[in-house]
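Comments concern the structure below.
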Amino acid sequence: MTAHIIDGKAFAAQVRARVADQVAMLKDQHDLTPGLAVVLVGEDPASQVYVRSKGKLTVEVGMASFEHRLDAGTPQSDLLALIARLNADPEIHGILVQLPLPSHIDSDLVINAIDPAKDVDGFHISNVGLLGTGQKSMVPCTPLGCLMMLRAHHGSLSGMNAVVVGRSNIVGKPMAQLLLGDSCTVTIAHSRSKDLPAICRGADILVAAVGRPEMIPGDWVKPGATVIDVGINRVAHGDKTKLVGDVHFESAAQVAGAITPVPGGVGPMTIACLLANTVTAACRAHGLPEPEGLTA
Ligand SMILES: Nc1nc(=O)c2c([nH]1)NC[C@@H]1CN(c3ccc(C(=O)N[C@@H](CCC(=O)O)C(=O)O)cc3)C=[N+]21
């Protein structure tokens with residue numbers, strides 16, 4: 001059997017089209033242009049690539065994009081002062097501070113300084129708590145994108161065994177919360193889990209978010225399972241490099257019922273969900289009904 005390949009690139013284009021429709025409506029009927037501010041501290045090349053493509057897609061859906069590039073040595077107090085300005089600016093509905101931050105900056109402190117209503121990454125402790133208690137929140141983009149693809153593929157996820165490999169605050173933990181919210185039986189596993197292969201083999205839905213290239217081989221996958229590969233790892237490939245996921249794609253695709261590729265799977269959905277969250281934040285800020293199908 002060969003798995004159905006879930007086309008995250010095409011799915012993301014659909015999500016962005018829905019965002020664009022919503023933005024056009026907000027401009028037309030409410031004279032409101034959603035605005036997203038992205039803050040990049042330092043010159044990490046991978047981060048620069050991500051910030052550039054995000055800025056381009058923000059403009060493409062009709063939103064306003066504000067970029068703040070600070071040099072690597074920027075004092076924490078300057079960054080906090082910038083966030084205070086962005087919090088107070090009515091033209092800005094979403095704020096994303098690109099992670100990781102340089103080591104002299106306390107990332108938790110910075111993230112928690114963002115107005116939770118503008119926290120389109122969903123990393124502020126208020127949003128984490130709201131998500132964990134099933135209340136309306138901003139939902140982290142990567143897990144939201146994974147959930148959208150799973151719902152589109154399966155309809156209901158109720159009663160399915162979901163295994164999330166990885167326990168990060170950015171992906172693993174919020175992913176588990178969302179799957180629980182959709183009535184899955186959820187296991188969070190990680191590199192120290194005893195008999196990880198056996199745990200993975202019990203999964204109807206297997207989400208890999210460990211950040212280790214091709215760590216999960218096909219014989220850890222239950223026949224017919226849906227595999228969501230969150231990993232984006234750049235590895236050597238001859239005298240060049242290439243991107244691979246946390247799942248060994250070739251072998252897993254022989255066994256799985258459906259699988260997301262890397263690149264072209266979860267990555268594009270992450271950016272699409274960032275734009276979706278920004279529209280949602282703009283609607284909430286103005287007491288307008290939220291767009292359908294763009295929230296969790
Ligand atoms: N506060 C914060 N929020 C983030 O969401 C955040 C962050 N910091 N720091 C960095 C990571 C990384 N990230 C990616 C999103 C999309 C792709 C993506 O679209 N990747 C393409 C491939 C791109 C390529 O070819 O290099 C794909 O998977 O198809 C990659 C990486 C968001 N991040």
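So here's what we get for this one:
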| item | result |
| --- | --- |
| The range 105-195: trypsin sites (Lys or Arg not before Pro) in DSSP loop, at most 12 other beta carbons within 10 Å | Arg192, Lys194 |
| Note, ³J(HN,Hα) from phi for the range 69-74, Karplus 6.51, -1.76, 1.60, rounded to Hz, x at Gly and Pro | 9, 10, 6, 4, x, 3 |
| Normalised contact order of the range 141-266, rounded percent, pairs of Cα under 8 Å and 6 or more residues apart | 22 |
| Long-range amide H partners of His4 with built H, under 5 Å | Ala258, Ile259 |
| Positive minus negative residues near Val247 (Lys, Arg vs Asp, Glu; Cβ under 11 Å) | -3 |
| Set of lysines near Lys222 by C-alpha distance (under 21 Å), chain-local residues within fewer than 8 positions excluded | Lys194 |
| Net charge contributed by nearby residues that have their C-beta within less than 14 Å of Val97 (K/R +1, D/E -1) | -4 |
| Packing rank of 34-41, 243-250, where each peptide gets the mean count of other beta carbons within 10 Å, highest leading | 34-41, 243-250 |
| Förster-model FRET efficiency, 25 Å R0, Ala88 and His30, C-beta, rounded to 0.05 | 0.75 |
| Charge context of His190, other residues only, Cβ under 15 angstrom, K/R +1, D/E -1 | +3 |
| For the chain, cysteines whose Cβ has no other cysteine Cβ within reach (under 4.7 Å) | Cys146, Cys184, Cys200, Cys283 |
| Test item: Cα-centred dipole of the range 141-266, Lys/Arg +1 and Asp/Glu -1 on Cβ, debye | 280 |
| Under-5 Å amide H pairs with Leu70, H placed in peptide plane, nonlocal only | Leu40, Val41, Gly42 |
| Using θ = phi - 60° and Karplus 6.51 cos²θ - 1.76 cosθ + 1.60, couplings along the range 281-295 (whole Hz; Gly, Pro as x) | 5, 5, 4, 4, 4, 10, x, 9, x, 7, x, 7, x, 10, 10 |
| Cross-link reach list, lysines versus Lys27, counting only Cα pairs under 26 Å and skipping chain neighbours closer than eight places | Lys54, Lys56, Lys118, Lys136 |
| Expected 222 nm ellipticity per residue - DSSP helices of 4 or more, -39500 (n - 2.57), all of the chain, to 500 | -13000 deg cm²/dmol |
| The chain - percent relative contact order, Cα under 8 Å, separation 6 or more | 22 |
| Efficiency of FRET between Ser191 and His154 - r from beta-carbon atoms, R0 35 angstrom, step 0.05 | 0.80 |
| Choice from Ala81, Ala209, Ala252 with maximal GNM fluctuation in the chain (Cα, 10 Å cutoff) | Ala81 |
| Cleavage-rule hits (GluC sites (Glu not before Pro)) in the range 32-91: DSSP loop, at most 13 neighbouring Cβ within 10 angstrom | Glu43, Glu91 |
| Vicinal HN-Hα couplings computed from phi for the range 168-177 (Karplus, 6.51 cos²θ - 1.76 cosθ + 1.60; Hz; Gly/Pro x) | 6, 5, 7, 10, x, 5, x, 4, 4, 4 |
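Here, each number is a calculation from the coordinates, and none is a lab measurement. If you're wondering where the values come from, they're calculated on a predicted model, not measured in any experiment. Reconstructed Cβ throughout: ideal geometry from the backbone, glycine too, with neighbour counts over all protein chains shown.
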